[in-house]
1. Can you give the longest stretch of the chain with no exposed loop site, where a site means GluC sites (Glu not before Pro) in a DSSP loop (not H, G, I, E or B) with at most 13 other C-beta atoms within 10 Å?
2. Of the options Phe120, Ser26, Leu80, report the single residue whose Cα projects farthest towards the positive end of the charge dipole of the chain (beta-carbon charges: Lys, Arg +1; Asp, Glu -1).
3. Report the charge-dipole magnitude of the chain in Debye, nearest 20, computed about the Cα centre from +1 at each Lys and Arg Cβ and -1 at each Asp and Glu Cβ.
4. What shape does the chain take by its C-alpha gyration tensor, where a ≥ b ≥ c are the square roots of the eigenvalues and a/c under 1.5 counts as rounded, a/b above b/c as prolate, and the rest as oblate?
5. Suppose only helical runs count, i.e. DSSP H with n ≥ 4. What mean residue ellipticity at 222 nm does that imply for the chain under -39500 (n - 2.57) per run, divided by all residues and rounded to the nearest 500 deg cm²/dmol?
6. In whole percent, what relative contact order does the chain give with Cα contacts below 8 Å and a gap of six or more residues?
7. For region 88-107 and region 13-68, compute the distance between their C-alpha centroids and round to whole Å.
8. With the cut-off at 22 Å, tell me which of the pairs Lys18/Lys79; Lys10/Lys55; Lys51/Lys75; Lys10/Lys123; Lys10/Lys82 have Cα atoms farther apart than that.
Amino acid sequence: MKNLVIASTKKTPEIIFKTSGDLMISGNSLPGDINKFYQPILDWIDELKIKSPSKISISFELEHVNTSSTRMILKILRKLSKIANGKKNLHIIWLFDPEDSDMVEQGEALQEIINRPFEFVAKED
């Protein structure tokens, strides 16, 4: 298993997923074909389950996200929660612009849906 690194574009986020369990998604998530973009990420997470790192930490630093992307982020979080399943440590960090209350609300909604605590961190300029 190798690290997964996908460069960002104007419409897709940067993905840095390390086999150590350190994961990061940042930028805009507005892909034209949501499944085409996110399927390799979901497949990689399935492989991570086999590797079974002792700790998983995922950071989200999103600027603009469409509804389809929110559903995919939820899918990613659910997969990671299943891998963690109480015996592993799952740390979710939600970075946000202090002036963007919509992104804070989106993180809070996802936190409530998956029933796992998020660490909310205001980005500094």
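1. Looking at the chain, 1-98 is the longest stretch - no exposed GluC sites (Glu not before Pro) with at most 13 other Cβ atoms within 10 Å.
2. Checking the options against the dipole of the chain, the answer is Leu80.
3. 1000 debye
4. oblate
5. Only helices count here, giving -13500 deg cm²/dmol.
6. Numbers: 205 pairs, mean separation 26.1, N = 125.
It comes to 21 percent, rounded to a whole number.
7. Result: 15 Å between the Cα centres.
8. From the list (Lys18/Lys79; Lys10/Lys55; Lys51/Lys75; Lys10/Lys123; Lys10/Lys82), the Cα-Cα distance tops 22 Å for Lys10/Lys55; Lys10/Lys82.
FYI, it's all coordinate maths here, none of it is from the lab. Everything numeric here is computed off the predicted structure, so don't read it as measured data. All Cβ positions, glycine included, derive from the backbone under ideal geometry; neighbour counts span all protein chains shown.
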